[in-house]
Amino acid sequence: MSSLTRRGFLARSNWLALAGLLPGSLSAAAASRRSDTAHASSPAGEDYYDKLGVTKIINAAGTYTYLTASVMPDSVRQAVERAALHPVRLKDLQRAAGEYVANKLHCESALISAGASSALTLGTAASIMLANKDVPSEQIILRIPSGIVGLKNEVIVQKAHRYDYDHALLNCGIKFVEVETLAQYESAFTSNTVLAHFFNSAEGGSIGREDWIRIAHKHGVPCMNDAAADVPPISNLWNYTRMGFDLVVFSGGKGIRGPQNAGLLLGKKELIAAAVQNDSPISETVGRGMKVAKEQVVGMVAAIDWLLAQSEEGMQIEVRRRADLIAKSVADIPTMQSRIFVPKVANRVPHLLLRYDPQRVGMTPVQVAEVLRRGTPSIEVNPATGTRERAGIPSDENTLVIGVWMLQDGEDEIVARRLREALQNARKS
Ligand SMILES: *Cc1c(COP(=O)(O)O)cnc(C)c1O
């Protein structure tokens with residue numbers, strides 16, 4: 001099969017054909033699995049999870065922060081270990097890492113932040129500085145957050161893009177100005193506007209990316225895009241800066257699989273330079289508490305190198321292979337319907353949706369999740385399980401959601417077996 005027809009085939013095979021799916025792709029899947037192993041070499045040192053009595057889990061959920069998001073691949077972990085062996089000048093490391101990443105990701109400039117959330121804060125601080133050029137920058141840095149009243153301090157945002165990370169911007173003392181229509185957006189720009197912020201994976205909002213950028217630029221205002229969880233596809237790492245966003249934010253520890261407390265602020269030279277001025281290790285800054293240690297700076301760079309060496313198709317095939325294996329193991333549970341779903345923007349990887357009649361099976365999806373959590377090893381399934389509340393995944397009270405992309409070698413088989421046991425034994429418990 002050529003890669004094009006294979007892609008077409010993958011796109012069409014949304015509902016699972018359970019037997020013999022993708023036989024021609026198995027070698028590609030195996031190859032991608034080999035390069036993807038996180039545990040290839042056995043680690044040295046004491047196991048502090050065991051020592052502290054903290055339960056290690058199988059992550060069948062996804063890159064959720066509360067589950068420590070992702071596991072670093074071998075090459076990243078080894079780079080972190082080596083970085084720990086030597087002191088360096090932190091500023092030198094930050095500058096070199098930023099230049100390296102900017103070059104790899106085809107943008108003007110880059111900063112390694114302590115995660116997407118702090119990248120949002122630093123990007124906002126940078127925008128405040130640039131908008132208030134008539135005030136000496138040292139003063140502005142000191143005045144953020146509480147002292148910027150009286151300075152230009154307005155951030156325009158779509159009402160539907162107000163979200164869990166508003167606080168990251170509010171940390172700079174800004175005021176949000178909400179808009180809903182294009183006309184409102186056009187007229188929201190004032191002499192106090194510092195930034196137009198966009199939440200990349202927002203479900204609502206009538207104004208698209210191109211219009212968002214075009215109108216902001218017409219008013220000479222920079223645009224920031226929060227694309228924290230929007231890798232894969234790998235190309236998103238340059239798609240949004242190329243589209244014209246002046247600042248783009250990514251989480252380092254989600255799909256990029258770097259350290260969990262690292263992230264990326266990508267964008268225009270002048271803005272990134274201003275962000276650096278508001279960042280650790282400079283003490284009197286809003287970013288001082290967002291320090292990125294040498295190990296995490298290096299880990300972030302190594303994760304970019306690792307990711308750029310992966311094949312998008314190989315990763316997707318491997319993830320589907322795991323989903324197929326788990327679906328197959330529960331195929332004969334009464335009323336079971338399995339489906340693979342790929343979210344449109346964030347977490348754009350195959351998720352396994354298992355829908356069944358809890359009356360017939362004897363256990364609700366939420367109860368199954370609890371059985372898996374209490375067993376050994378402890379398994380966490382996707383938080384969309386048993387609810388319609390989680391955006392992006394079409395789940396409901398009768399649906400169990402398995403996020404397979406963060407599973408490690410062999411864990412798909414454990415999840416398949418334990419899930420089958422839980423469902424088969426439901427009537428007895
Ligand atoms: C996860 C996430 C963040 C925060 O990312 P961190 O790297 O944990 O700081 C911000 N915005 C969105 C949309 C996210 O999904």
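Here are some notes:
- Solvent exposure of segment 98-203 amounts to 41 Å² per residue of accessible area, where only protein heavy atoms count and the probe is 1.4 Å.
- In percent, rounded to a whole number, the relative contact order of the chain is 22, using alpha-carbon pairs under 8 Å and six or more apart.
- Loop-located trypsin sites (Lys or Arg not before Pro) across segment 355-429 with a Cβ neighbour count of 16 or fewer within 10 Å are R388, R390, R427, K428, with loop assigned by DSSP.
- Size of charge dipole - the chain - debye, nearest 20, with Cβ of Lys, Arg +1 and Asp, Glu -1, no other charges: 600
- For segment 160-265, trypsin sites (Lys or Arg not before Pro) are listed when DSSP marks them as loop and at most 15 other Cβ atoms sit within 10 Å of their Cβ; the list is R162.
- When you work out D = kT/(6 pi eta Rh) for segment 87-308 at 10 °C and 1.306 mPa s, using the Kirkwood radius from C-alpha pairs as Rh and the Stokes-Einstein form, the result is 93 µm²/s.
- Contact order for segment 87-308, expressed relative to its length and based on alpha carbon pairs under 8 Å spaced 6+ residues apart, stands at 29 percent.
- For the chain, share of DSSP beta bridges that run antiparallel, in % to the nearest 5: 50
- The magnitude of the dipole of segment 87-308, with charges of +1 and -1 set on the Cβ of Lys/Arg and Asp/Glu and taken from the Cα centre, is near 420 debye.
- Å² of accessible area per residue within segment 250-390, as computed with a 1.4 Å probe and no ligands counted: 38
- Interchain or long-range residues, amide H under 5 Å from V179's placed H: V157, Q158, K159
- Computed from the C-alpha gyration tensor, the three semi-axes of the ellipsoid equivalent to segment 209-323 are 27, 22, 10 Å, from longest to shortest.
- Longest exposed-site-free window of the chain, the sites being GluC sites (Glu not before Pro) in a DSSP loop that have at most 15 other C-beta atoms within 10 Å: 285-388
- Here the simple spin-label model places points 7 Å from the Cα toward Cβ, and for S137 and A96 these points are separated by 2.3 nm.
- Unit charges at the beta carbon, dipole of the chain: most positive-side option, T399, A79, S109: T399
- Between G263, A131, V415, the Cα set farthest toward the positive side of the dipole of the chain (charges on each charged residue's Cβ, about the Cα centre) is that of V415.
- Segment 87-308, accessible surface, carbon-and-sulfur percent (1.4 angstrom probe): 50
- Ellipticity estimate at 222 nm from DSSP helix runs (n ≥ 4, -39,500 (n - 2.57)) divided over the chain, nearest 500: -12000 deg cm²/dmol
- Loop-located trypsin sites (Lys or Arg not before Pro) in segment 277-341 (DSSP state other than H, G, I, E, B) with a sparse environment of at most 16 neighbouring Cβ atoms within 10 Å: K291.
- Distance between the 7 Å Cα→Cβ label points at E203 and S378: 2.9 nm.
- Coordinate range of the alpha-carbon atoms in the chain per principal axis, descending: 71, 54, 46 Å.
- Length gained on full extension, R288 to L170: 40.9 nm, using 0.36 nm per residue less the C-alpha separation.
The values are calculated or read from the model by the stated rules, or taken from the named source; none is laboratory data. This structure is a prediction, so every number in the text was calculated from the model and none was measured. We place every Cβ from the backbone using ideal geometry, glycine too, and count neighbours over all the protein chains shown. For accessibility, only protein heavy atoms count, side chains too; no ligands or nucleic acids. Shrake-Rupley method; radii C 1.70, N 1.55, O 1.52, S 1.80 Å.
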